[in-house]
1. Can you give me the number of residues within the range A:59-101 that are of a type outside the set (S, T, N, Q), at pLDDT 95 or above and in a loop (DSSP other than H, G, I, E, B)?
2. Can we say A:SER109 is polar (S, T, N, Q), within 14 Å of chain B (Cβ to nearest Cβ) and either under 13 Å from A:CYS23 (Cβ atoms) or in a strand (DSSP E or B) (or both)?
3. Check the range A:1-16 and report whether any residue there is over 23 Å from B:GLN108 (Cβ atoms), of a type in the set (Lys, Arg) and surrounded by fewer than 13 Cβ atoms within 10 Å (Cβ to Cβ).
4. For the range B:104-115, check the following and say yes or no: at least one residue is within 21 Å of A:PHE33 (Cβ to Cβ), in contact (Cβ under 8 Å) with a residue 60 or more places away in the chain, at the interface with chain A (Cβ under 9 Å from one of its Cβ atoms) and of a type in the set (Lys, Arg).
5. So, of the residues in the range A:37-57 that are farther than 17 Å from B:THR110 by Cβ, assigned to a loop (DSSP other than H, G, I, E, B) and out of contact with any strand residue (DSSP E or B) (no Cβ under 6 Å at 6 or more places or on another chain), which turns out to be farthest from the other protein chains (Cβ to nearest Cβ)?
Amino acid sequence: RKEVEQDPGPFNVPEGATVAFNCTYSNSASQSFFWYRQDCRKEPKLLMSVYSSGNEDGRFTAQLNRASQYISLLIRDSKLSDSATYLCVVIPPYSSASKIIFGSGTRLSIRP
Amino acid sequence: EPEVTQTPSHQVTQMGQEVILRCVPISNHLYFYWYRQILGQKVEFLVSFYNNEISEKSEIFDDQFSVERPDGSNFTLKIRSTKLEDSAMYFCASSNPRTENTEAFFGQGTRLTVV
């Protein structure tokens, strides 16, 4: 099983739609989870951290399900500017926090 | 806002030549990383560096690669004898997992083209 797995997409949705991505991880002891956004030919940038209780930042909601070992990202009222690749990122337990593990990314394209 | 800076932004080199990619991590960070991304592919881990030594490396990071933190601020990636397949975007990142915010911050990347 891959350490971090994402649906590669692409997701092609109309502006204003709600879209959700999931990501699964294999190490049940993983401590920290993030969603990064990567625009074409640019560096990954932190979109939001994912907390156990779930968290929301404007139109973006992140959830963590430890029992099933997945995290999710929900984007409401999508904008054209949301078009990007969304990377699921997992950091192993602090005792071995020497590697940040990236999912392969989910491509999102918002059409007018 | 603190940021990770990388130089150069683009490097073109001939196959077989040595290249050094430079990075200045965020000053209070403790872990430093190099990742690469071949065009159209996923971000791949190369190496992590902590306490002045390699903490972990991937199978991509073979004897042709080395890292160094020569002066306490710069963090470099050297490729001794470049191959065509080394052409990629190389990202440096840094983090401090001992703080409340454990996320990694990435530099803007160096695009390496081997011809």
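1. 4
2. Numbers: polar (S, T, N, Q): yes; within 14 Å of chain B (Cβ to nearest Cβ): no; either under 13 Å from A:CYS23 (Cβ atoms) or in a strand (DSSP E or B) (or both): yes.
So A:SER109 does not fit the description; no.
3. Filtering the range A:1-16 for residues over 23 Å from B:GLN108 (Cβ atoms) gives A:1-16.
From what's left, of a type in the set (Lys, Arg): A:1-2.
If we keep only those that are surrounded by fewer than 13 Cβ atoms within 10 Å (Cβ to Cβ) as well, we get A:1-2.
Yes: one or more hits.
4. First, the residues of the range B:104-115 that are within 21 Å of A:PHE33 (Cβ to Cβ): B:104-106.
Right, trim to in contact (Cβ under 8 Å) with a residue 60 or more places away in the chain and you get B:104-106.
Narrowing further to those that are at the interface with chain A (Cβ under 9 Å from one of its Cβ atoms): B:104-106.
The next check asks that each one be of a type in the set (Lys, Arg); those that pass are none.
The answer is no, given that none of the residues of the range B:104-115 is within 21 Å of A:PHE33 (Cβ to Cβ), in contact (Cβ under 8 Å) with a residue 60 or more places away in the chain, at the interface with chain A (Cβ under 9 Å from one of its Cβ atoms) and of a type in the set (Lys, Arg).
5. My answer is A:SER53.
The values are calculated or read from the model by the stated rules, or taken from the named source; none is laboratory data. Just so you know, these numbers come straight off a predicted model, no measurement behind them. As a convention, Cβ positions derive from the backbone with ideal geometry for all residues, glycine included, and neighbour counts pool all protein chains shown.
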